Each structure stands twice: as structure tokens, then as C-alpha cells.
Amino acid sequence: MDRGTLPLAVALLLAGCSLSPTSLAETVHCDLQPVGPERGEVTYTTSQVSKGCVAQAPNAILEVHVLFLEFPTGLSQLELTLQASKQNGTRPREVLLVLSVNSSVFLHLQALGIPLHLAYNSSLVTFQEPPGVNTTELPSFPKTQVLEWAAERGPITSAAELNDPQSILLQLGQAQGSLSFCMLEASLDMGRRLEWRPRTPALVRGCRLEGVAGHKEAHILRVLPGHSAGPRTVTVKVELSCASGDLDAVLILQGPPYVSWLIDANHNMQIWTTGEYSFKIFPEKNIRGFKLPDTPQGLLGEARMLNASIVASFVELPLASVVSLHASSCGGRLQTSPAPIHTTPPKDTCSPELLMSLIQTKCADDAMTLVLKKELVAHLKCTITGLTFWDPSCEAEDRGDKFVLRSAYSSCGMQVSASMISNEAVVNILSSSSPQRKKVHCLNMDSLSFQLGLYLSPHFLQASNTIEPGQQSFVQVRVSPSISEFLLQLDSCHLDLGPEGGTVELIQGRAAKGNCVSLLSPSPEGDPRFSFLLHFYTVPIPKTGTLSCTVALRPKTGSQDQEVHRTVFMRLNIISPDLSGCTSKGLVLPAVLGITFGAFLIGALLTAALWYIYSHTRSPSKREPVVAVAAPASSESSSTNHSIGSTQSTPCSTSSMA
């Protein structure tokens, strides 16, 4: 057997050979005290929130989510990830995420491929990287007014209050079985909609069981009942370190009856659980557990009954999805801390990388300005002795709550090129022997040229200003001269067909709008590209249109304040489509006329045939003049004429042309 799986195989044997528990009549003497973090630490991910709601809004164009985040005083870091659920291949709806925070936050946002609009307080939220999404300034409102402000933009899909989160995972899309209106409820289980990890580890306590000899240790995890009583699997990751390798331990897991356990341990241990449990290496093998006491005193009694002399860790948690236990123990002397730790330990040293990322660059009036807020510097425990440009004679000014460094493009060692002005921010920190340096840039917008090009093939060789319905068109946006330090991105594109055809949305929020538009790989120079297919279902067909795209130049590293947005457009001629063909959603005019004529011809021939049979089979005495009316053809023509008079257009995928 592989040596890596041997401990867990032994754990299975121990679990199968365990005796059924019996309660102890006598009182267990074990004074639980907080354990030092060097002896044990427990982190967890949960969907339980202090207040929250989940609602359905199936017909809403905009999916609205609201997060109220409470942080301790100082600068906090947060990882926020948005994931779109896959629903029959359809693209996610546009999303409005409202972030309401009470103090400064350094945010790392991940929302790839999601048409996201972000509302936040720019004076409190700083991004680790430029977000690359549409942003809106959130007014300073109390919670009730924030909800009202968000509801004015669309029905709220979810809202949650979180206390000092370290990371958040927000699942987008419709939630099954949820309410139609979002109203905050206390102690709500958000289910799969939202999972988060608190920054502060769970309180770990330990004690020595009196009257028990030996060195066997117990790790007790108690999961408290949640608001929801649905089946739940809790993944328990146990990592025990013992230099001598001699470890005798038991893992006791107690929770509500609807909770099962998936155990991933690096040591062979005796397992004692409620419900059912399985091991990560044998997930299909479920083992029935026991009925255990649901009180701390009762669980300590179970540990003593299993001959444990030390409770190395005792943890009580809200209903969690993942729990990680890291402990350094070999059954030796129990070490405890004098008091529980409820707050994040302060940083002992300054983080130069984080400090440099907080420098904001602003470009206006032919000058470059660098701003560094003192409040953020103080929270990072940094002591700054100087902030200059590459030319050390250009020093920052102390303006009370911030350091401001400003220079015209013609001085302080600015390097001016055809498209960009560059310099270097130099920060001297008391805790570092060498200065910290960061490249800073400003764009020379007068020298930049944005071009929007339409092409007839994916090789992007033959430019054109004409599109034909039913033929795929390829679009590329260029900026010249190219700038390696900046990234050119497409934020939105639409085709304006005037009053006859309306507006066709092609790209919104950096995502393709519908399955008829495809985002293509950028050019070797990094120019964004996409393709679309257009069809007209009725007439008259517009003869011209305007293709408009909003693009953004974003720094590959740096502040979102350096983003530059421009709208480029080009006039297009539209030629009449081929006289053949149809789409999966409708018929072009030639096809409609062809079907109408065919229906008329079939009706006329059928009427003539029936008249011929009738006139040759009845007796001569009963023959009377008959007038035949081709009603089906009139009906077809009537319905056809009714559909003529307005124009409908839509981008359509290549597959619909087959």
C-alpha cells in the first residue's frame, strides 16, 4: 500500500473497531482555557451571516447584490470573487454589486467574464489591481437607504452583512426556492449564494482531563445548528504535526443530525462522530457514526471515556462548509494563552509592496500628481522619511492628511515620449535600508489615435465599411502608437440602425451580448477583437448604421485613477441580403414572398383538381355553376402584409445560417 494512504487506512480500521459510546455519570473535571496559536489554529468557511436575504428576480435585466462589510479600525484586506453559474449555456445577466464598508479596505476583486457594475465609496475602497469594470460612486447612506438606493436600480437578488471577512465567494444567478422579495433576516444561512471566511480564527480552547494517565489527545469540533435544516456535508481538514511521529489522537465531531462529514487527515486517528462520515481517499464509503452529547461537558466526557488525557483543541463553530485544523502536538504539556484573541494581530513590520500599491497617480493640466494617504500609511505600521520623484530635489508636500508630490511634465526628471510621460516614485521607509521604487506614468492623449475597423474575414486584412445581413463581420479596435504599459480593452459596443432598426447591443460590461457575438483573441499587438452576425427579419432594411465602441486604456499595474476612456465610431453601409436563406428565428422578405407564392400556387392547383374530379363524377342533372375562392392564399397574403411595415434586427450566430 502507498505510504501516503496508510494513516487514513488505519483510521478506517480504528473507526470500524470503535466501541459504542456510553455516558459518564460522574462530572468531568477539565477547565477549558484558550490555547496559544502556536499550539492550534482553526479556520473555517461558512454561509452563515449576521443578517441577510436571498430572493428571485427571474425577469430582471439587472442582477443586484448588496454587501454590508464591517471591518475593525485600520486598513483591512479582502479577496472578493464573483462566479457565474452555468445555466444551459446562457451568458450571465448584467450585475450591480453594491459594497458598503465602514473603514478602509484594500480589495482584490475577481469577476472574469462578468458584465459587472460596481458601486462603492472610493475614499474607503482601494483596489489591488484596476477593477476593469464600470464603477459608480456610492453615496454615504445608512443601511436602509443603501438598500433603497440599490432597489431603485433593480430588484435585489441578495444582501448580506458580514463582520471582518477575509475572503468572500458570491455565486451569481437565480437561487432555487428563494423568496420574491429580499428582506434582511437575522442569522441567515445564505446557502450556495455566498460563502465567506472570517479573518479572525476560531477560538481554540484546551484542558487536561483529571484522573486519566497517558498521552492520548482529543480534538473536539462542535458545529452549532444553523437556520437551515437541509442536508449538509462539512469538510474537515486535519493537519497534525509531531516531530517524533509518535501520536495517539482521537477526533470527535459533533453536529446537527443533518450534517455529514468528509475527513481529510494527515495522521491516523480514532474517529468519533455524529451522523455519517467518510474519508477523502474513500469518499464513496460512508460510515455510520454515533449519537453524541450536544453539550461541551458531555463531549469532554466522551473524550475521557476514550482514554484521552488531554483535550488539545475544543472548538465551537457556526454551520460551516470547510473547517481546517492545524495543531502542533505530541501529547506533551498543554500550553494555553492567558486570554482569547478576538482581533487580528497587528502587523509588526511594514509591508513595502502594499505601501507602494497605495500610491495614487493623477494626470491633469500637463502635470503628474502622486497622492499617498497618511491614514493608510499608519495602518500599515510604516514610517516614511521621504517621497520624491526620480529627481530627489522634487519632494512631496505634507498636506495634513496626505503626502502630495506634483510636477509639470517638463521637470523633475520626467521622460516624455510620443505617447507617454514616465517617472519614478521613490519612497524611503525607516524599516528598510534601501528606498522603494515604483514606475509611474501619464498618457499624452493629444498624441494617441483610436481607430475602429471592420473586416470581412478573420484574418483582419481587408478593411471595409459595408456589412451584409447574413454575413459575419469582424471588428478590431487599435490605438496608435501602442503603449506596452497599458492594456486596451473593449467596455461596450453597439450598432445604431436609426429609427427604422433601433439599437443592437453587441458588447456590454466587457462581455458579449448574447450568443450571436464572439469575443476573439487579441491581435499580436494586443488590440481587442470581436465578431458578430446580423440579420433583419422584416422590412424595410436600413441602408446605413453607426458602430460605436467604448474602449478603456488601463495600466497593467497601478491605480484605477489612471484609466482613460474613449468612444470611437464608424459609419457603415448596409446592402440588401441575398434572395435566399432563412434564420433559426425568422424569415427574410424573399423567403416570405416565396412561401406565399408557393402557398397560392398549391391552393390554386388543389382547387382545380377538386373541381375537375367533382365535375366529372356527379350526374349531369345536378351540375351547377360553382365559384371557387382561393381562401388559403388570401389568408397567407394577409398575414404576410401584416408583418410588413416594421424592422427587427438582431445579431445572429453562424450556426443559425446552416
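The table that follows gives values for the structure above.
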{"quantity": "Overall dimensions of the stretch 49-188 as given by Cα atoms, namely Rg and Dmax in Å", "calculated": "14.3, 44"}
{"quantity": "Pairwise label distance in nanometres, His215 with Gln471, each label 7 Å out on the Cα-Cβ vector", "calculated": "8.3"}
{"quantity": "Taking the convex hull of Cα positions in the stretch 468-524, its mean projected area over all directions (nm²)", "calculated": "5.4"}
{"quantity": "Difference of contour (0.36 nm per residue) and Cα-Cα distance, Glu38 to Lys402", "calculated": "127.2 nm"}
{"quantity": "Rounded FRET efficiency, nearest 0.05, which uses the C-beta distance separating Ser482 from Asp365 and R0 of 22 Å", "calculated": "0.30"}
{"quantity": "Whichever aspartates and glutamates have a C-alpha closer than 14 Å to that of Lys374, once near sequence neighbours (fewer than 8 apart) are set aside", "calculated": "Glu397, Asp398, Asp401"}
{"quantity": "Computed over the stretch 205-327, Kirkwood Rh from alpha-carbon pairs, angstrom", "calculated": "14.7"}
{"quantity": "Once the Cα gyration tensor of the stretch 448-574 is diagonalised, semi-axes √(5λ) in Å", "calculated": "27, 15, 13"}
{"quantity": "Residue-wise HN-Hα coupling along the stretch 148-159, computed from phi with Karplus coefficients 6.51, -1.76, 1.60 (Hz; x: Gly, Pro)", "calculated": "5, 4, 5, 5, 5, 9, x, x, 6, 7, 7, 8"}
{"quantity": "The stretch 205-327 - share of DSSP beta bridges that are antiparallel (%, nearest 5)", "calculated": "15"}
{"quantity": "Amide H partners (placed H, <5 Å) of Cys394, local residues excluded", "calculated": "Phe389"}
{"quantity": "Accessible area per residue in Å² at 1.4 Å probe, computed on the stretch 205-327", "calculated": "41"}
{"quantity": "Accessible area, probe 1.4 Å, largest first, for residues Lys543, Lys216, Lys513", "calculated": "Lys543, Lys513, Lys216"}
{"quantity": "Mean Cα-pair separation over length for the stretch 94-241, i.e. relative contact order, pairs under 8 Å, 6 or more apart, %", "calculated": "16"}
{"quantity": "Selection from Cys442, Gly453, Leu405 lying farthest towards where the dipole of the stretch 369-497 points positive, charges on Cβ", "calculated": "Leu405"}
{"quantity": "Distance in nm between pseudo-label sites at His108 and Ser518 (7 Å out along the Cβ direction from Cα)", "calculated": "3.4"}
{"quantity": "Beta bridge orientation in the stretch 49-188: antiparallel %, DSSP, nearest 5", "calculated": "15"}
{"quantity": "Restraint check, Lys280/Lys556; Lys143/Lys373; Lys216/Lys237; Lys373/Lys513; Lys143/Lys556, Cα-Cα greater than 30 Å", "calculated": "Lys280/Lys556; Lys373/Lys513; Lys143/Lys556"}
{"quantity": "Positive-end residue, the stretch 49-188 charge dipole about Cα centroid, Cβ charges, pick of Leu172, Val66, Leu162", "calculated": "Leu172"}
{"quantity": "Å² of accessible area per residue within the stretch 49-188, as computed with a 1.4 Å probe and no ligands counted", "calculated": "46"}
{"quantity": "Label-to-label distance, nm, for residues given as Thr73 and Ser393 (7 Å Cα→Cβ offset)", "calculated": "4.3"}
{"quantity": "Two-site FRET efficiency, Ser449 against Ser410, from Cβ-Cβ distance with R₀ of 25 Å, rounded to 0.05", "calculated": "0.60"}
{"quantity": "Loop GluC sites (Glu not before Pro), the stretch 117-167 (other Cβ atoms within 10 Å of the site Cβ: 13 or fewer; DSSP)", "calculated": "Glu152"}
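The values are calculated or read from the model by the stated rules, or taken from the named source; none is laboratory data. Note that the structure is predicted; figures quoted are calculated from it, not measured. Backbone-built Cβ (ideal geometry, glycine too); neighbour counts: all protein chains shown. Please note that ligands, DNA and RNA were not included when accessible areas were found on the heavy atoms of the full protein model with its side chains. Shrake-Rupley method; radii C 1.70, N 1.55, O 1.52, S 1.80 Å.
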